[in-house]
Amino acid sequence: MTDPTERSSLAVLRRLVPFLAPYRARLLLAFVFLVVAAASTLIVPLAFRQLIDHGFSATATSPAGGALVPSTVSIAPSPLGHVGARAADALDRAATAHVDLYFLGLFAVAVVLAISTAARFYMVSWLGERVVADIRSAVYTRMLDQSPEFYETTRSGEVLSRLTTDTTLIQTVVGTSMSMGLRNVFLFVGGMGMLAFTSLRLFAITIGLLALVIVPIVVMGRRVRSLSKASQDRVADSSALAGEILNAMPTVQAFTQEVAEATRFGASVESSFATAIRRTRTRAWLTTLVITLVFGAIVFVLWLGANAVIAGTMSPGLLAAFVLYSVITAGAIGGLTETWGDVLRAAGATDRLMELLDARSFITAPANAAPYVVAKAAGGVAVRFDRVRFHYPSRPDTAALEDFTLHVAAGETVALVGPSGGGKSTVFQLLMRFYSPESGTIVVGDRAIDTLALDDLRQALGIVPQDTVIFSTDARENVRYGRPGATDDEIVAATRAAQAHDFIMRLPEGYATFLGERGVRLSGGQRQRIAIARAILRNPPVLLLDEATSALDAESEAAVQRALETAMEGRTTIVIAHRLATVKKADRIVVLEHGRIVETGTHAELVDANGLFARLAKLQFQVA
């Protein structure tokens, strides 16, 4: 695979074209204003040439007493006395009026320049903000489509860094640097053209000298881009580390690791700083070298021009125009050098963002999957696993499930039990298509799940996870997450069923109470009941309970158990459980070990069999 740092920066930035295409009208308008502003700038030296050569003096004479260069307005002494004086006065007034016209014209050019520059700035700033917003939305949407397998190797903090830091760099290029770069390109090309028009000899010498600037830009520019991408990677590493630790502050403080974590983050920040300084140093050397070469060339050419004026082969106005065009061209080159540095950084940022946009989920639905709604009829729907085999990508040598076959009848409640790592949670992961099995078939209702659209499949499933997720919003919206279109009355009904209504009403603002990041304002049992209410509100035909009562005290567990029994009526339910109350009331218990089913039966049957379940029961349920 080609190293991204070796690709052309412009080729990488071409990936931004699809995001600019919808706004081509504004882009064209910005381009028009940019051309007008550049053209206005290039007209200014011509106006000064006219003022110097034809407006400020009656004649242009060489210092050496060479031939007179006639002025457009010549003021010569008149031999006709009074009549001649009157004629001279008239000519003076005409000359003054002529100069006034030059200044009025120059002011008109300045007004056009000001308006076109302001309009260009607004247009490109709008484009920059719009494109960045679209990129952020596109990347975030793509990240939402990724399966858990993607996040086994990609840290969420790194993704957040790319969504913020990298998109800000792109906004700088699209909203500022791209416009300034094009403006400087036009000024450079136009300035070079006007230099050739003004003095072809001096222009030829200038071209030869400026050719020396190209080599350091190309050579050092590649180095800057490589360091820019490395700098952004280090920033992403720091962000990912900070995000991980800030989300685990109670654990960090409980184990008194504040100093160690501060040291670790400090080392990450220092690494980022060192990389950024290397990039900045390289850019500084590049800028120094380019400006020195450019202005050295200009000074040399101007020295030649000054000697030409002294020799009488060039008018002062012509030299002034050449000087101004040289300054404009040199400024454009300097501006392009700075802009190119931004372009290199943006190219690195674009590379990183495009990596996310190019990411494809390991889990995909058929392209033309027919719509399928799993019926929510009384009795639920059947779920079937046939000879399923699966290894987690991060643990390819250990089978999570091996030759796993399980048929759950419609309306049946099946409990999955067994030691940790036996494959219980994997059953849920595969059923919800977070992963795909390597072989075998999984069926919900009468359709294999790999033939269904993911939305259709997951609408049929409701899950209460062991690690409850509470979002940074109020209690009402946290419950409504189970079914976004639910009414407030339906939410209250679900919370009552989950034994959550009473504690929610005791919160400072009831259902409108903000629950804090990750639900920090709630106890573990309260968070669990919010999750149960969310699943009840979803009203799915298949209910998945992953230790749904594990975080509850005895009183709350009894209340929630009654709520779950109500919620399980008329549904197919698969339970991962160790608590005796849940297991005893299951229609069937399936015991897993090392990814295989080793026992199946009712609670009484398995205890009598004196196998793995009986041993677990003695240890976990205190059953003799």
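Taking a point 7 Å out from the Cα of PHE434 in the direction of its Cβ, the residues of the range 349-368 whose backbone N falls within less than 15 Å of it are 362-363. Here the Karplus curve 6.51 cos²θ - 1.76 cosθ + 1.60, taken at θ = phi - 60°, turns the phi angles of the range 502-512 into couplings of 5, 6, 5, 5, 7, 5, x, 10, x, 5, 8 Hz, with x standing for Gly and Pro.
Annotation: amide H of THR473 within the under-5 Å range of LEU515, GLY516, sequence separation 5 or more or interchain, hydrogens built in the peptide plane. Computed 3J(HN,Hα) for the range 585-591, one whole-Hz value per residue from the Karplus formula 6.51 cos²θ - 1.76 cosθ + 1.60 where θ = phi - 60°, is 8, 6, 5, 8, 10, 10, 9, glycine and proline marked x.
Whole-Hz Karplus values for the range 129-138 come out as 5, 5, 5, 5, 4, 5, 5, 4, 5, 5 Hz, taken residue by residue from phi with 6.51 cos²θ - 1.76 cosθ + 1.60 and θ = phi - 60°; glycine and proline positions read x. Close amide H partners of HIS391, meaning residues 5 or more places away or on another chain with modelled amide H under 5 Å apart, are ALA400, GLU438. Exposure proxy shown here: for LEU202, LEU357, the number of other Cβ atoms within 10 Å sets the order, fewest to most, as LEU357, LEU202. Each Lys or Arg adds one and each Asp or Glu takes one away; over the other residues whose Cβ falls under 12 Å from the Cβ of ALA563, this sums to 0. Net charge of the neighbourhood of ARG120, taken over other residues with C-beta under 13 Å away and scored Lys/Arg +1, Asp/Glu -1, is +2. Arranged from fewest to most other beta-carbon atoms within 10 Å of their beta carbon, ILE277, ILE491 become ILE277, ILE491. According to the square roots a ≥ b ≥ c of the eigenvalues of the Cα gyration tensor, what is the shape class of the range 404-559, taking rounded for a/c under 1.5, prolate for a/b larger than b/c otherwise, and oblate for the remainder? It comes out prolate by the Cα gyration axes. Dipole size of the range 383-621 about its Cα centre, with +1 on Lys/Arg Cβ and -1 on Asp/Glu Cβ: approximately 180 debye, rounded to the nearest 20.
Here the label points at GLU270 and HIS407, each 7 Å from Cα along the C-beta direction, are separated by 6.5 nm in the simple model.
This ranking places ASP403, ASP397 by how few other beta-carbon atoms lie within 10 Å of each, fewest first, which gives ASP397, ASP403.
All of the numbers you see were taken from the coordinates with simple rules; none came from a lab. Since we're looking at a predicted model, the values are computed, not measured. Quick reminder, even Gly has a Cβ in these numbers, built from the backbone with ideal geometry, and neighbours come from all protein chains shown.
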